[in-house]
Amino acid sequence: MPVPDGCLILSEDISDYKLAIEKVTYLYSLQTAIRNINQLVLLADDENQLYQLVCQELGKLEWIRLVWIGFVERGNYNVRPVAHAGFEDGFLSSVRITWDDSEYGMGPTGMAIKTGKPCIVQDTAADLTCRSWREERLKRGYVAWAAFPIVYRGNIIGTLNVDSAKANAFGNEEMAFLEEVSRDIALGVKTLRTLAELEQSNRMLREALRSTELTICAMLERRDPYTAVHEQRVSLLAVAIGKEMGLPEDKIEGIRIAGVVHDVGKIAVPAEILSKPGKLTDEEFNIVKAHVQVGYDMMKTTQFAESILQAVLQHHERLDGSGYPRGLRGDEITLEARIMAVADVVEAMSSHRPYRPALGIDKALEEVSRNKGILYDSEVVDACTRLFAEGKFKFE
């Protein structure tokens, strides 16, 4: 019985529709994989995790039999696998893949490294460049093979390698997709290595600053042991105040350093003035007051943060403008300096001085409380008095 023309056309339409749906579904799966890989690039903690997560994501695609990432070894021209997913079954450990001019460097992986371009073998059985691996590949169902260079700072550091069980598996869509994945991997490598370099730089800077800090402390201790002890105690109290105020860790670390070095300028003050048991003359007091500017000038050539330098310069400023060296008022004084001012006064009054005995912590807290909002920052004073009232801090 003949098929009516209309039915034949309808059948063809349905077939075309199914093919179109399959194509759309397939392309959507590639887009989904790209989105997922983009997220993995941002979330990976290190390179090894990045490579493995990308391989695992690609391994979910039905047309990929094996995916692996290989790293270029410069000395021996080998390609070292660092991650893989899919059906591997010992293949990567049983074969040699290089990027030299030997037969082991003529496959897609070696050629992608040497040329800097994607390289494809659509059918292992028919391609002469695959003869070194043909048997091992075919018995595992690796028919088509493509490799994509991973480029970092202009250098090829490795390849993304994909095997499919189907001949001619790598069409335009697959090639564009995998090229984008290789670029994503390169971006992830760049991000992770840049972060590692920044961390290394930060670590070196912290070590340099710590070394400078220790040098300053040693200089002060040799010059004036009292000032060295005073700075350490001021630093401890200032940090406790910062924590009580809920300041972030980076600001608290800056306060700690500022406390340790805030009186470094006293190195320029003659010892007989620093240790004078009686009242200072106006001329002597002016010499002492210059220590904040001297300290700032000494430290501004270092790599200490500006907030630390300003705390050194401003810790004798007062809210009403009666302080020195610039007579700053209110919020013109940095928070770090306002904290330092309270910690400095409390420690100094509660400790022995060459010209008087210790006045005690109660007198010190009474002084800052009486002048709260006048000379000293109210929030800082409140935090300081709470620390002592609630037993959260005491000088050793």
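Scanning segment 359-385 for residues that are over 17 Å from L236 (Cβ atoms), out of contact with any Leu (no Cβ under 8 Å at 6 or more places or on another chain) and aliphatic (A, V, I, L, M) turns up L359, V381. Every listed requirement among (1) surrounded by 15 or more Cβ atoms within 10 Å (Cβ to Cβ); (2) at pLDDT below 95; (3) out of contact with any Lys or Arg (no Cβ under 9 Å at 6 or more places or on another chain) is met by F388 save one, (3).
Can E136 be described as touching a helix residue (DSSP H, G or I) at 6+ places or on another chain (Cβ under 8 Å), of a type outside the set (K, R) and either assigned by TED's automatic domain parsing to the domain that holds N155 or more than 21 Å from A165 (Cβ to Cβ) (or both)? Taking the combined requirement at face value, the residue satisfies it. Within segment 78-92, restricting attention to residues that are touching a Gly at 6+ places or on another chain (Cβ under 8 Å) and surrounded by 17 or more Cβ atoms within 10 Å (Cβ to Cβ), the residue that is modelled with the lowest pLDDT is G86.
Checked against the criterion of being over 30 Å from E390 (Cα atoms), modelled with pLDDT of 95 or more and in a loop (DSSP other than H, G, I, E, B), segment 227-248 has no qualifying residue.
For segment 57-71, the tally of residues that are surrounded by fewer than 19 Cβ atoms within 10 Å (Cβ to Cβ) and closer than 17 Å to M106 by Cα stands at 1. Scanning segment 127-139 for residues that are touching a residue at least 12 places away in the same chain (Cβ under 8 Å) and in a helix (DSSP H, G or I) turns up T129, C130, E136, R137, L138.
Among the numbered conditions (1) assigned to a helix (DSSP H, G or I); (2) more than 30 Å from S29 (Cα to Cα); (3) at pLDDT 85 or above, the only one that A218 does not meet is (3). The residues on offer are A125, A146, and the sole one that is assigned by TED's automatic domain parsing to the domain that holds E57, under 13 Å from W68 (Cβ atoms), among the small types (G, A, S) and out of contact with any Gly (no Cβ under 9 Å at 6 or more places or on another chain) is A146. Restricted to segment 311-333, and to residues there that are without any contact (Cβ under 8 Å) to a residue 40 or more places away in the chain and in contact with a Phe, Trp or Tyr (Cβ under 8 Å, 6 or more places away or on another chain), the residue that is nearest to R206 (Cα to Cα) is L313. Check whether at least one residue in segment 354-375 is under 42 Å from the mean Cα position of the chain (by Cα), in a loop (DSSP other than H, G, I, E, B), free of Cβ contacts under 8 Å to residues at least 60 places away in the same chain and within 27 Å of G278 (Cβ to Cβ), and report yes or no. Yes, segment 354-375 contains at least one residue that is under 42 Å from the mean Cα position of the chain (by Cα), in a loop (DSSP other than H, G, I, E, B), free of Cβ contacts under 8 Å to residues at least 60 places away in the same chain and within 27 Å of G278 (Cβ to Cβ).
Which members of segment 304-338 meet the condition of being outside any loop (DSSP other than H, G, I, E, B) and basic (K, R)?
R329, R338
Among the conditions (1) touching a helix residue (DSSP H, G or I) at 6+ places or on another chain (Cβ under 7 Å); (2) buried (at least 21 other Cβ atoms within 10 Å of the Cβ); (3) aliphatic (A, V, I, L, M), the only one that A112 does not satisfy is (1). Scanning segment 140-162 for residues that are farther than 11 Å from V121 by Cα, in a strand (DSSP E or B) and touching a residue at least 60 places away in the same chain (Cβ under 8 Å) turns up I150, I156, I157, G158, T159, L160, N161. Taking residues in segment 33-62 that are over 19 Å from P149 (Cα atoms) and without any contact (Cβ under 8 Å) to a residue 24 or more places away in the chain, and partners anywhere that are of a type in the set (K, R) and surrounded by fewer than 19 Cβ atoms within 10 Å (Cβ to Cβ), the pairs with Cβ atoms closer than 9 Å and at least 6 places apart or on different chains are N36/K60. Among the conditions (1) at pLDDT 95 or above; (2) surrounded by 14 or more Cβ atoms within 10 Å (Cβ to Cβ); (3) of a type in the set (V, I, T), the only one that I374 does not satisfy is (2).
The values are calculated or read from the model by the stated rules, or taken from the named source; none is laboratory data. Worth saying up front: this structure is predicted, and the values here are computed from it rather than measured. Methodologically, a virtual Cβ is constructed for each residue, glycine included, from the backbone with ideal geometry; neighbour enumeration extends over all protein chains shown.
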